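Undergrad: Below is the structure I would like to discuss, written out as structure tokens.
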Amino acid sequence: MSLKYSYEAAVAFLAGLAALLAPDLWADGAGRVPLMVLGVLLALAGLYGLLGAPGPGAWTATAFAALLFVSPWAWQFTGDDGAAWTAWIAGGAAVIVALYTALRPVPTEA
């Protein structure tokens with residue numbers, strides 16, 4: 001496997017890693033289950049994209065990031081600032097970058 005750098009995969013990996021580590025580092029255990037599960041899924045999707053391995057596509061990482069973004073409302077931890085802001089920032093950044101790369105026009109060969 002060769003390392004293939006893409007912004008979308010790198011942002012997905014880092015956002016997933018931040019969500020995975022947040023409950024123990026700065027969120028005081030709030031939102032532990034959704035942040036850790038969605039963080040692992042998003043980080044794995046980004047890692048597959050970075051390594052160029054067959055696996056989840058760009059839209060899968062976008063879906064995991066969108067789920068991460070809405071998780072504070074779905075699991076009612078909006079009052080826990082560390083966990084909620086981690087989910088909103090990590091999920092939002094990953095969704096924005098993924099949608100930008102997925103929806104940009106593909107260059108054609110002339």
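Undergrad: Being at pLDDT 90 or above, out of contact with any strand residue (DSSP E or B) (no Cβ under 6 Å at 6 or more places or on another chain) and not β-branched (Val, Ile, Thr) is true for just one of 10, 30. Which residue is that?
TA: Result of the check over 10, 30: 10.
Undergrad: Could I ask something else about it? With respect to the numbered conditions (1) within 26 Å of residue 104 (Cβ to Cβ); (2) in contact (Cβ under 8 Å) with a residue 60 or more places away in the chain, which one is the sole condition not fulfilled by residue 64?
TA: Only one criterion is unmet by residue 64, namely (2).
Undergrad: Within the range 71-88, which residues are within 14 Å of residue 42 (Cα to Cα) and of a type in the set (A, V, I, L, M)?
TA: 87
Undergrad: For the condition under 14 Å from residue 15 (Cβ atoms), without any contact (Cβ under 8 Å) to a residue 24 or more places away in the chain and not hydroxyl-bearing (Ser, Thr, Tyr), what is the one hit in 73, 85?
TA: Step by step, each of 73, 85 is checked, and only 85 is under 14 Å from residue 15 (Cβ atoms), without any contact (Cβ under 8 Å) to a residue 24 or more places away in the chain and not hydroxyl-bearing (Ser, Thr, Tyr).
Undergrad: Taking the condition of a type outside the set (Asp, Glu), in contact with a Phe, Trp or Tyr (Cβ under 9 Å, 6 or more places away or on another chain) and without any contact (Cβ under 8 Å) to a residue 24 or more places away in the chain, does residue 54 pass?
TA: Spelling it out, residue 54 is indeed of a type outside the set (Asp, Glu), in contact with a Phe, Trp or Tyr (Cβ under 9 Å, 6 or more places away or on another chain) and without any contact (Cβ under 8 Å) to a residue 24 or more places away in the chain.
Undergrad: Now a separate question. Show the residue pairs meeting these rules: Cβ distance below 6 Å; 6+ apart or different chains; first residue within the range 32-45 and of a type in the set (Lys, Arg); second residue assigned to a helix (DSSP H, G or I) and buried (at least 20 other Cβ atoms within 10 Å of the Cβ).
TA: From residues that are of a type in the set (Lys, Arg), the pairs are 32/23.
Undergrad: Do the conditions hold for residue 104, that is, is it charged (D, E, K, R) and at pLDDT below 90?
TA: The answer is yes for residue 104.
The values are calculated or read from the model by the stated rules, or taken from the named source; none is laboratory data. It should be emphasised that the depicted structure is a prediction, and the values quoted were computed from it without experimental measurement. Cβ coordinates were reconstructed from backbone atoms using ideal geometry, including for glycine residues, and neighbour counts include every protein chain displayed.
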